[in-house]
Amino acid sequence: MPAVKSAAQQHNLCMGTMDSWLLYRLTHGKQLKTEPSNASRTQLLDIHSVQWDQQLCDAFGVPIDALASIEQSNALFGETDFAGWYTI
């Protein structure tokens, strides 16, 4: 997809799991985060360092800087007023 490739080249691409998308929407785009158990589902997580694996990202063509930051499960992920919620 040309639009995705262009966004990646401009460092304007966000990628993550369902939890990171919900967080992004509910915080009006201020937070893009996930936690280790959800991050591991992407197959891009180094489970030993609990960080995104550059070699795996390269193998799958995923720009590592587009991925959600990984936080501990009990971290503060953001705040919302629920105005970010919308219906499709």
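Among the residues of segment 1-45, those that are open to solvent by less than 60 Å² (accessible area, probe 1.4 Å), touching a helix residue (DSSP H, G or I) at 6+ places or on another chain (Cβ under 8 Å) and either of a type outside the set (A, V, I, L, M) or within 19 Å of Thr80 (Cα to Cα) (or both) comprise Gly16, Thr17, Asp19, Ser20, Gln31, Leu32, Lys33, Thr34, Glu35, Asn38. Residues that are part of a helix (DSSP H, G or I) and either in contact (Cβ under 8 Å) with a residue 12 or more places away in the chain or in contact with a His (Cβ under 6 Å, 6 or more places away or on another chain) (or both) within segment 25-51 comprise Arg25, Leu26, Pro36, Ser37, Asn38, Ala39, listed in sequence order. Being out of contact with any Pro (no Cβ under 9 Å at 6 or more places or on another chain), of a type in the set (Gly, Ala, Ser) and open to solvent by less than 40 Å² (accessible area, probe 1.4 Å): is that true of Ser49 here? Answer is no for this residue.
Is it the case, given these coordinates, that Ala59 is over 12 Å from the mean Cα position of the chain (by Cα) and modelled with pLDDT under 95? Against the criterion (over 12 Å from the mean Cα position of the chain (by Cα) and modelled with pLDDT under 95), Ala59 does not qualify.
If you take the residues of segment 57-79 that are open to solvent by less than 60 Å² (accessible area, probe 1.4 Å) and of a type outside the set (Gly, Ala, Ser), which of them is nearest to Ala8 (Cα to Cα)? Here the answer is Pro63. Residues Asp81, Asp19: which one is of a type in the set (Asp, Glu), more than 22 Å from Lys5 (Cα to Cα) and not in a loop (DSSP other than H, G, I, E, B)? Exactly one of Asp81, Asp19 is of a type in the set (Asp, Glu), more than 22 Å from Lys5 (Cα to Cα) and not in a loop (DSSP other than H, G, I, E, B), namely Asp19.
The values are calculated or read from the model by the stated rules, or taken from the named source; none is laboratory data. Keep in mind the model is a prediction, meaning the values are calculated, not measured. Every residue, glycine among them, receives a Cβ derived from its backbone with ideal geometry; neighbour counts consider all protein chains shown. Areas reflect the complete protein model, heavy atoms only, side chains present, ligands, DNA and RNA absent. Shrake-Rupley method; radii C 1.70, N 1.55, O 1.52, S 1.80 Å.
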